[in-house]
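The values are calculated or read from the model by the stated rules, or taken from the named source; none is laboratory data. In this text the structure is predicted, and so the values were computed from the model without any measurement. Cβ placement follows ideal geometry from the backbone for every residue including glycine, while neighbour counts extend to all protein chains displayed.
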Protein chains: 2
Amino acid sequence: MNATTTAQVISPEALLQHFQGHRSLTRRVIEAFPEKDFFEFSIGGMRTPAKLVTEMLSIAAPALQAIANGDNNPYIEPKISETKQAYLERWDEATDLINDNWKKLSVEDFGEMFNLFGQYNFRVIENIFYIIDNEIHHRGQLYVYLRALGITPPFFWERER
Amino acid sequence: MNATTTAQVISPEALLQHFQGHRSLTRRVIEAFPEKDFFEFSIGGMRTPAKLVTEMLSIAAPALQAIANGDNNPYIEPKISETKQAYLERWDEATDLINDNWKKLSVEDFGEMFNLFGQYNFRVIENIFYIIDNEIHHRGQLYVYLRALGITPPFFWERER
(Lines give C-alpha, C1' and ligand atoms only; values in the text may rest on other atoms or scores of the structure.)
Protein backbone atom coordinates (compact mmCIF):
# COMPACT_ATOMS: atom_id res chain seq x y z
CA MET A 1 0.00 0.00 0.00
CA ASN A 2 1.29 3.48 -0.79
CA ALA A 3 1.75 5.78 2.17
CA THR A 4 -0.92 8.43 2.49
CA THR A 5 1.02 11.65 2.53
CA THR A 6 -1.67 14.22 1.73
CA ALA A 7 -4.87 15.10 3.56
CA GLN A 8 -7.61 12.55 2.93
CA VAL A 9 -11.35 12.72 3.59
CA ILE A 10 -10.71 9.17 4.79
CA SER A 11 -7.50 7.16 4.53
CA PRO A 12 -7.47 3.54 3.31
CA GLU A 13 -6.43 2.42 6.80
CA ALA A 14 -9.33 4.27 8.49
CA LEU A 15 -11.83 2.95 5.92
CA LEU A 16 -10.68 -0.61 6.57
CA GLN A 17 -11.09 -0.09 10.32
CA HIS A 18 -14.59 1.31 9.68
CA PHE A 19 -15.48 -1.70 7.48
CA GLN A 20 -14.12 -4.26 9.95
CA GLY A 21 -15.82 -2.47 12.85
CA HIS A 22 -19.15 -3.01 11.08
CA ARG A 23 -18.23 -6.63 10.38
CA SER A 24 -17.43 -7.16 14.05
CA LEU A 25 -20.89 -5.91 14.98
CA THR A 26 -22.54 -8.13 12.38
CA ARG A 27 -20.66 -11.11 13.83
CA ARG A 28 -22.18 -10.39 17.24
CA VAL A 29 -25.65 -10.12 15.65
CA ILE A 30 -25.14 -13.60 14.13
CA GLU A 31 -24.09 -14.90 17.55
CA ALA A 32 -27.24 -13.43 19.14
CA PHE A 33 -29.61 -15.66 17.12
CA PRO A 34 -30.76 -18.99 18.53
CA GLU A 35 -29.44 -21.77 16.28
CA LYS A 36 -32.86 -22.78 14.94
CA ASP A 37 -34.04 -19.22 14.29
CA PHE A 38 -30.85 -18.39 12.40
CA PHE A 39 -31.92 -20.89 9.73
CA GLU A 40 -35.71 -20.54 9.89
CA PHE A 41 -36.91 -17.15 11.16
CA SER A 42 -38.38 -14.60 8.76
CA ILE A 43 -40.83 -11.70 8.64
CA GLY A 44 -43.03 -10.76 5.68
CA GLY A 45 -41.63 -13.41 3.35
CA MET A 46 -38.08 -12.05 3.64
CA ARG A 47 -34.93 -14.17 3.66
CA THR A 48 -33.80 -16.00 6.79
CA PRO A 49 -30.78 -14.72 8.76
CA ALA A 50 -28.68 -17.54 7.27
CA LYS A 51 -29.59 -16.49 3.73
CA LEU A 52 -28.86 -12.80 4.40
CA VAL A 53 -25.50 -13.67 5.96
CA THR A 54 -24.70 -16.00 3.06
CA GLU A 55 -25.15 -13.00 0.76
CA MET A 56 -22.78 -10.91 2.90
CA LEU A 57 -20.19 -13.69 2.80
CA SER A 58 -20.57 -14.07 -0.95
CA ILE A 59 -19.80 -10.37 -1.49
CA ALA A 60 -17.26 -8.95 0.97
CA ALA A 61 -14.14 -11.12 0.85
CA PRO A 62 -14.67 -12.30 -2.77
CA ALA A 63 -15.02 -8.65 -3.85
CA LEU A 64 -11.79 -7.58 -2.16
CA GLN A 65 -10.05 -10.63 -3.60
CA ALA A 66 -11.31 -9.69 -7.07
CA ILE A 67 -10.51 -5.97 -6.80
CA ALA A 68 -7.03 -6.46 -5.39
CA ASN A 69 -6.13 -9.09 -7.97
CA GLY A 70 -7.99 -7.71 -10.97
CA ASP A 71 -10.11 -10.75 -11.66
CA ASN A 72 -13.68 -10.74 -12.97
CA ASN A 73 -14.95 -14.01 -11.50
CA PRO A 74 -18.75 -14.11 -11.35
CA TYR A 75 -20.72 -13.79 -8.13
CA ILE A 76 -21.21 -17.18 -6.45
CA GLU A 77 -23.18 -17.91 -3.27
CA PRO A 78 -21.05 -20.19 -1.12
CA LYS A 79 -22.45 -23.42 0.26
CA ILE A 80 -22.03 -23.36 4.03
CA SER A 81 -22.93 -26.26 6.30
CA GLU A 82 -26.07 -25.64 8.29
CA THR A 83 -24.60 -24.65 11.64
CA LYS A 84 -24.14 -21.16 13.04
CA GLN A 85 -20.59 -22.15 13.99
CA ALA A 86 -19.77 -22.82 10.32
CA TYR A 87 -21.02 -19.34 9.45
CA LEU A 88 -18.89 -17.76 12.18
CA GLU A 89 -15.80 -19.60 10.94
CA ARG A 90 -16.46 -18.38 7.39
CA TRP A 91 -16.91 -14.89 8.81
CA ASP A 92 -13.49 -14.97 10.46
CA GLU A 93 -11.82 -16.33 7.33
CA ALA A 94 -13.37 -13.45 5.40
CA THR A 95 -12.04 -10.95 7.95
CA ASP A 96 -8.48 -12.12 7.27
CA LEU A 97 -8.96 -12.22 3.49
CA ILE A 98 -10.29 -8.66 3.49
CA ASN A 99 -7.33 -7.44 5.57
CA ASP A 100 -4.82 -9.22 3.33
CA ASN A 101 -6.26 -7.93 0.07
CA TRP A 102 -6.86 -4.39 1.37
CA LYS A 103 -3.09 -3.98 1.82
CA LYS A 104 -2.64 -4.35 -1.93
CA LEU A 105 -4.75 -1.25 -2.69
CA SER A 106 -3.19 2.18 -3.24
CA VAL A 107 -5.06 5.44 -2.68
CA GLU A 108 -5.31 5.80 -6.46
CA ASP A 109 -6.92 2.36 -6.81
CA PHE A 110 -10.05 3.50 -4.96
CA GLY A 111 -10.86 5.91 -7.80
CA GLU A 112 -10.39 3.37 -10.60
CA MET A 113 -13.32 1.79 -12.42
CA PHE A 114 -13.65 -1.94 -11.76
CA ASN A 115 -16.21 -4.37 -13.17
CA LEU A 116 -16.91 -6.31 -9.97
CA PHE A 117 -17.99 -9.91 -10.56
CA GLY A 118 -17.97 -9.04 -14.27
CA GLN A 119 -21.25 -7.22 -13.63
CA TYR A 120 -21.00 -4.11 -11.41
CA ASN A 121 -18.86 -1.57 -13.25
CA PHE A 122 -18.26 1.23 -10.75
CA ARG A 123 -15.34 2.95 -9.06
CA VAL A 124 -13.67 0.75 -6.46
CA ILE A 125 -14.75 3.08 -3.64
CA GLU A 126 -18.36 2.86 -4.86
CA ASN A 127 -18.25 -0.93 -4.85
CA ILE A 128 -16.71 -0.92 -1.36
CA PHE A 129 -19.37 1.48 -0.05
CA TYR A 130 -22.00 -0.79 -1.59
CA ILE A 131 -20.61 -3.79 0.28
CA ILE A 132 -20.54 -1.94 3.61
CA ASP A 133 -23.97 -0.36 3.10
CA ASN A 134 -25.56 -3.63 2.02
CA GLU A 135 -24.30 -5.26 5.22
CA ILE A 136 -25.64 -2.40 7.40
CA HIS A 137 -28.99 -2.59 5.56
CA HIS A 138 -29.48 -6.32 6.06
CA ARG A 139 -28.08 -6.23 9.60
CA GLY A 140 -30.69 -3.56 10.41
CA GLN A 141 -33.27 -6.08 9.25
CA LEU A 142 -31.73 -8.72 11.51
CA TYR A 143 -32.18 -6.29 14.42
CA VAL A 144 -35.94 -6.38 13.75
CA TYR A 145 -35.86 -10.18 13.63
CA LEU A 146 -34.08 -10.26 17.01
CA ARG A 147 -36.55 -7.79 18.55
CA ALA A 148 -39.47 -9.83 17.18
CA LEU A 149 -37.89 -12.87 18.89
CA GLY A 150 -37.68 -10.96 22.18
CA ILE A 151 -33.86 -10.76 22.01
CA THR A 152 -32.00 -7.50 22.69
CA PRO A 153 -29.47 -6.88 19.88
CA PRO A 154 -25.98 -5.47 20.53
CA PHE A 155 -25.67 -1.68 20.58
CA PHE A 156 -25.42 -0.27 17.04
CA TRP A 157 -22.58 2.04 18.01
CA GLU A 158 -20.35 -0.66 19.56
CA ARG A 159 -17.99 -1.76 16.82
CA GLU A 160 -14.85 -3.08 18.48
CA ARG A 161 -14.61 -6.56 19.91
CA MET B 1 -14.50 24.21 -0.32
CA ASN B 2 -10.87 23.69 -1.27
CA ALA B 3 -10.27 22.04 -4.61
CA THR B 4 -9.24 18.40 -4.34
CA THR B 5 -5.97 18.26 -6.22
CA THR B 6 -4.48 14.98 -4.99
CA ALA B 7 -5.79 11.43 -5.21
CA GLN B 8 -8.51 10.76 -2.67
CA VAL B 9 -10.04 7.50 -1.47
CA ILE B 10 -13.23 9.53 -1.76
CA SER B 11 -13.58 13.23 -2.52
CA PRO B 12 -15.88 15.51 -0.50
CA GLU B 13 -18.07 15.94 -3.58
CA ALA B 14 -18.44 12.18 -4.11
CA LEU B 15 -19.17 11.58 -0.42
CA LEU B 16 -21.93 14.21 -0.50
CA GLN B 17 -23.43 12.54 -3.57
CA HIS B 18 -23.27 9.18 -1.76
CA PHE B 19 -24.96 10.67 1.33
CA GLN B 20 -27.70 12.41 -0.64
CA GLY B 21 -28.25 9.28 -2.75
CA HIS B 22 -29.04 7.40 0.46
CA ARG B 23 -31.28 10.23 1.65
CA SER B 24 -33.16 10.14 -1.65
CA LEU B 25 -33.84 6.42 -1.13
CA THR B 26 -34.99 7.01 2.45
CA ARG B 27 -37.39 9.67 1.19
CA ARG B 28 -38.97 7.10 -1.13
CA VAL B 29 -39.25 4.65 1.76
CA ILE B 30 -41.13 7.31 3.78
CA GLU B 31 -43.43 7.87 0.80
CA ALA B 32 -44.14 4.12 0.56
CA PHE B 33 -45.82 3.96 4.01
CA PRO B 34 -49.57 4.40 4.33
CA GLU B 35 -50.26 7.57 6.37
CA LYS B 36 -51.64 5.72 9.39
CA ASP B 37 -48.89 3.09 9.50
CA PHE B 38 -46.19 5.74 9.31
CA PHE B 39 -47.28 6.95 12.74
CA GLU B 40 -48.44 3.69 14.32
CA PHE B 41 -46.78 0.59 12.88
CA SER B 42 -44.11 -1.25 14.87
CA ILE B 43 -42.59 -4.72 15.31
CA GLY B 44 -41.21 -6.13 18.55
CA GLY B 45 -41.73 -2.95 20.58
CA MET B 46 -39.51 -0.91 18.25
CA ARG B 47 -40.09 2.72 17.32
CA THR B 48 -42.66 3.71 14.70
CA PRO B 49 -41.48 4.90 11.27
CA ALA B 50 -42.28 8.48 12.29
CA LYS B 51 -40.06 8.20 15.37
CA LEU B 52 -37.18 6.66 13.42
CA VAL B 53 -37.42 9.37 10.76
CA THR B 54 -37.61 12.04 13.45
CA GLU B 55 -34.27 10.76 14.73
CA MET B 56 -32.76 10.96 11.23
CA LEU B 57 -34.02 14.53 10.86
CA SER B 58 -32.66 15.49 14.27
CA ILE B 59 -29.17 14.31 13.32
CA ALA B 60 -28.30 14.90 9.64
CA ALA B 61 -28.86 18.58 8.87
CA PRO B 62 -28.26 19.78 12.47
CA ALA B 63 -24.94 17.88 12.51
CA LEU B 64 -23.73 19.44 9.26
CA GLN B 65 -24.86 22.85 10.48
CA ALA B 66 -22.90 22.31 13.71
CA ILE B 67 -19.76 20.92 12.05
CA ALA B 68 -19.58 23.58 9.36
CA ASN B 69 -20.14 26.41 11.82
CA GLY B 70 -18.26 25.03 14.82
CA ASP B 71 -21.14 25.14 17.27
CA ASN B 72 -21.77 22.63 20.05
CA ASN B 73 -25.55 22.92 20.35
CA PRO B 74 -27.07 19.89 22.08
CA TYR B 75 -29.07 17.24 20.23
CA ILE B 76 -32.76 18.16 20.03
CA GLU B 77 -35.56 16.07 18.53
CA PRO B 78 -37.65 18.36 16.37
CA LYS B 79 -41.41 18.56 16.80
CA ILE B 80 -43.02 17.79 13.46
CA SER B 81 -46.73 17.95 12.81
CA GLU B 82 -48.32 14.55 12.47
CA THR B 83 -48.60 14.27 8.71
CA LYS B 84 -46.32 12.41 6.34
CA GLN B 85 -46.29 15.50 4.14
CA ALA B 86 -44.77 17.53 6.99
CA TYR B 87 -42.01 14.96 7.32
CA LEU B 88 -41.30 15.05 3.58
CA GLU B 89 -41.08 18.85 3.67
CA ARG B 90 -38.63 18.69 6.59
CA TRP B 91 -36.68 16.09 4.63
CA ASP B 92 -36.31 18.42 1.64
CA GLU B 93 -35.30 21.35 3.84
CA ALA B 94 -32.62 19.13 5.38
CA THR B 95 -31.37 18.17 1.91
CA ASP B 96 -30.71 21.83 1.10
CA LEU B 97 -29.16 22.56 4.51
CA ILE B 98 -26.76 19.63 4.13
CA ASN B 99 -25.72 20.77 0.65
CA ASP B 100 -25.18 24.35 1.81
CA ASN B 101 -23.10 23.43 4.85
CA TRP B 102 -21.10 20.73 3.07
CA LYS B 103 -19.65 23.41 0.77
CA LYS B 104 -17.97 25.02 3.79
CA LEU B 105 -15.88 21.90 4.54
CA SER B 106 -12.30 21.51 3.30
CA VAL B 107 -10.64 18.13 2.81
CA GLU B 108 -8.63 18.81 5.98
CA ASP B 109 -11.81 19.44 8.01
CA PHE B 110 -12.89 15.80 7.64
CA GLY B 111 -9.89 14.68 9.70
CA GLU B 112 -10.41 17.19 12.52
CA MET B 113 -11.86 16.17 15.88
CA PHE B 114 -15.29 17.70 16.55
CA ASN B 115 -17.49 17.32 19.61
CA LEU B 116 -20.82 16.87 17.84
CA PHE B 117 -23.81 18.08 19.86
CA GLY B 118 -21.33 18.66 22.70
CA GLN B 119 -21.37 14.91 23.21
CA TYR B 120 -19.83 12.84 20.37
CA ASN B 121 -16.15 13.73 20.16
CA PHE B 122 -14.88 12.04 17.00
CA ARG B 123 -13.27 13.00 13.72
CA VAL B 124 -15.69 14.77 11.37
CA ILE B 125 -15.55 11.86 8.89
CA GLU B 126 -16.43 9.44 11.69
CA ASN B 127 -19.43 11.52 12.70
CA ILE B 128 -20.54 11.77 9.07
CA PHE B 129 -20.20 8.00 8.56
CA TYR B 130 -22.21 7.52 11.74
CA ILE B 131 -25.02 9.68 10.36
CA ILE B 132 -25.11 7.83 7.04
CA ASP B 133 -24.83 4.39 8.65
CA ASN B 134 -27.50 5.14 11.24
CA GLU B 135 -29.88 6.11 8.44
CA ILE B 136 -29.11 2.92 6.46
CA HIS B 137 -29.58 0.85 9.64
CA HIS B 138 -32.99 2.27 10.51
CA ARG B 139 -34.10 2.34 6.89
CA GLY B 140 -33.29 -1.39 6.71
CA GLN B 141 -35.69 -1.79 9.61
CA LEU B 142 -38.33 0.20 7.73
CA TYR B 143 -37.94 -2.26 4.84
CA VAL B 144 -39.04 -5.04 7.22
CA TYR B 145 -41.99 -2.93 8.36
CA LEU B 146 -43.02 -2.42 4.71
CA ARG B 147 -42.67 -6.14 3.93
CA ALA B 148 -44.70 -7.01 7.03
CA LEU B 149 -47.39 -4.62 5.73
CA GLY B 150 -47.36 -6.39 2.35
CA ILE B 151 -45.75 -3.40 0.60
CA THR B 152 -42.80 -3.80 -1.78
CA PRO B 153 -40.05 -1.32 -0.82
CA PRO B 154 -37.98 0.55 -3.41
CA PHE B 155 -34.83 -1.21 -4.67
CA PHE B 156 -31.93 -0.75 -2.25
CA TRP B 157 -29.52 0.05 -5.06
CA GLU B 158 -31.63 2.82 -6.65
CA ARG B 159 -30.34 6.05 -5.20
CA GLU B 160 -31.06 8.83 -7.66
CA ARG B 161 -34.34 10.67 -7.79
Filter pass, A:Gly150 being assigned to a loop (DSSP other than H, G, I, E, B) and over 17 Å from B:Leu15 (Cβ atoms)
yes
Take the residues in the range B:115-147 that are under 18 Å from the mean Cα position of the chain (by Cα), without any contact (Cβ under 8 Å) to a residue 12 or more places away in the chain and in a helix (DSSP H, G or I), then tell me which one is surrounded by the fewest Cβ atoms within 10 Å (Cβ to Cβ).
B:Tyr130
Please find, within the range B:36-91, the residue that is surrounded by the most Cβ atoms within 10 Å (Cβ to Cβ) out of those that are aromatic (Phe, Trp, Tyr) and in a loop (DSSP other than H, G, I, E, B).
B:Phe41
For the list (1) buried (at least 17 other Cβ atoms within 10 Å of the Cβ); (2) hydroxyl-bearing (Ser, Thr, Tyr); (3) in contact (Cβ under 8 Å) with a residue 60 or more places away in the chain, I need the number of the one condition that A:Ser106 fails.
(1)
Surrounded by 14 or more Cβ atoms within 10 Å (Cβ to Cβ), small (Gly, Ala, Ser) and over 12 Å from B:Gln65 (Cα atoms): is that true of B:Gly111 in this structure?
yes
Of all the residues that make up the range A:1-34, how many are modelled with pLDDT under 95 and either within 13 Å of the chain's Cα centre (by Cα) or within 17 Å of A:Asn99 (Cα to Cα) (or both)?
3
Inspect all residues belonging to the range B:102-110 and state whether any of them is away from chain A (no Cβ under 14 Å) and either modelled with pLDDT of 95 or more or on the phi > 0 side of the Ramachandran plot (or both).
yes
Among the residues in the range B:153-161, are any in contact (Cβ under 8 Å) with a residue 12 or more places away in the chain, buried (at least 21 other Cβ atoms within 10 Å of the Cβ), of a type outside the set (Ser, Thr, Tyr) and at the interface with another protein chain (Cβ under 7 Å from one of its Cβ atoms)?
no
Tell me which residues, restricted to the range A:121-152, are more than 9 Å from chain B (Cβ to nearest Cβ) and hydroxyl-bearing (Ser, Thr, Tyr).
A:Thr152
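Across the range A:39-53, which residue is nearest to the chain's Cα centre (by Cα) among those that are hydrophobic (A, V, I, L, M, F, W, C) and under 26 Å from B:Ile151 (Cβ atoms)?
At the first step, the residues of the range A:39-53 found to be hydrophobic (A, V, I, L, M, F, W, C) are A:39, A:41, A:43, A:46, A:50, A:52-53.
Next, from what is left, pick out any that are under 26 Å from B:Ile151 (Cβ atoms): A:41, A:43, A:46, A:50, A:52-53.
Working: A:Phe41: 21, A:Ile43: 22, A:Met46: 19, A:Ala50: 14, A:Leu52: 11, A:Val53: 9 Å.
Among those that are hydrophobic (A, V, I, L, M, F, W, C) and under 26 Å from B:Ile151 (Cβ atoms), it is A:Val53.
Yes or no, residue by residue, for (1) touching a His at 6+ places or on another chain (Cβ under 9 Å); (2) aromatic (Phe, Trp, Tyr); (3) within 13 Å of chain B (Cβ to nearest Cβ):
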{"residue": "A:His18", "(1), (2), (3)": "no, no, yes"}
{"residue": "A:Phe38", "(1), (2), (3)": "no, yes, no"}
{"residue": "A:Leu57", "(1), (2), (3)": "no, no, no"}
{"residue": "A:Glu82", "(1), (2), (3)": "no, no, no"}
